[in-house]
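Asker: Right, I'll just put the structure down here and ask away after.
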Amino acid sequence: QVQLVESGGGLVQAGESLRLSCAASGSIPSSNTMGWYRQAPGKQREFVAHITSSGGTNYADSVKGRYTVSRDNAKNTVYLQMNSLKPEDTAVYYCTLQGVSRFYWGQGTKVTVSS
């Protein structure tokens, strides 16, 4: 079993930055992809970004150029640097970890961007 704990959410103004962190613990598969999804009020959960164990990344079009996902394998931690935030980025952000056969979710951290 894998546990994911997010931190770093909060309230910011449009144009500002925020950095999310997610620490994984438990039986972490050696080869895994860690990432982020988000769910805005009244909307479906959507993919944001992910990064593989070897550092390969992928981003949703809506955040390309503004968000950067990174990881520290020694700490089993993934980060999401969010710049130039917009009100439409307001959502609960969920950390994810995907192994060979299982997909884990964190509890989520709320990000609110005011205009």
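Asker: Restricting attention to region 50-91, and to residues there that are in contact (Cβ under 8 Å) with a residue 60 or more places away in the chain and aliphatic (A, V, I, L, M), which single residue is nearest to residue 33 (Cα to Cα)? Lay out the reasoning, then the answer.
Answerer: Of all residues in region 50-91, those in contact (Cβ under 8 Å) with a residue 60 or more places away in the chain come to 79-87.
Cutting the leftovers down to aliphatic (A, V, I, L, M) gives us 80, 82, 85.
Values: 80: 14, 82: 19, 85: 25 Å.
Taking the candidates together, the pick is 80.
Asker: Something else about it: Can you find, within region 43-55, the residue that is least open to solvent (accessible area, probe 1.4 Å) among those that are within 13 Å of residue 89 (Cα to Cα) and not in a strand (DSSP E or B)?
Answerer: Filtering region 43-55 down to residues within 13 Å of residue 89 (Cα to Cα) leaves 43, 45-48.
Those still in the list that are not in a strand (DSSP E or B) too: 43, 45.
Values: 43: 137, 45: 97 Å².
That would be 45.
Asker: Okay, moving on. Give the residue that is nearest to residue 4 (Cα to Cα), with candidates limited to residues of region 56-65 that are part of a loop (DSSP other than H, G, I, E, B) and open to solvent by 30 Å² or more (accessible area, probe 1.4 Å). Break it down into steps so the answer makes sense when it comes.
Answerer: Restricting attention to region 56-65, the residues satisfying the condition of being part of a loop (DSSP other than H, G, I, E, B) are 56, 60-65.
Subset that is open to solvent by 30 Å² or more (accessible area, probe 1.4 Å): 56, 61-62, 64-65.
Working: 56: 20, 61: 25, 62: 25, 64: 24, 65: 26 Å.
Among those residues, the one meeting the criterion is 56.
Asker: Could you list all residues from region 51-97 that are of a type in the set (A, V, I, L, M, F, W, C) and more than 20 Å from residue 110 (Cα to Cα)? Walk me through how you get there before you give the answer.
Answerer: Keep residues of region 51-97 that are of a type in the set (A, V, I, L, M, F, W, C), which gives 51, 60, 63, 69, 74, 78, 80, 82, 85, 91-92, 95, 97.
The answer is 51, 74.
Asker: What number of residues in region 1-42 are in contact (Cβ under 8 Å) with a residue 24 or more places away in the chain, assigned to a loop (DSSP other than H, G, I, E, B) and either over 17 Å from residue 74 (Cα atoms) or among the β-branched types (Val, Ile, Thr) (or both)?
Answerer: Adding up the residues that qualify gives 10.
Asker: Tell me, which strands (runs of 3 or more DSSP E) lie completely within region 72-115 with 1 or more residues that are surrounded by fewer than 12 Cβ atoms within 10 Å (Cβ to Cβ) and small (Gly, Ala, Ser)?
Answerer: Numbers: elements: 77-82, 91-98, 103-105, 109-114.
Output list reads 109-114.
The values are calculated or read from the model by the stated rules, or taken from the named source; none is laboratory data. Treat the numbers as computed from the prediction; the structure is a model and nothing was measured. Cβ atoms come from the backbone with ideal geometry, glycine included; neighbour counts cover every protein chain shown. Heavy atoms of the whole protein, side chains included, go into the accessibility calculation; ligands, DNA and RNA do not. Shrake-Rupley method; radii C 1.70, N 1.55, O 1.52, S 1.80 Å.
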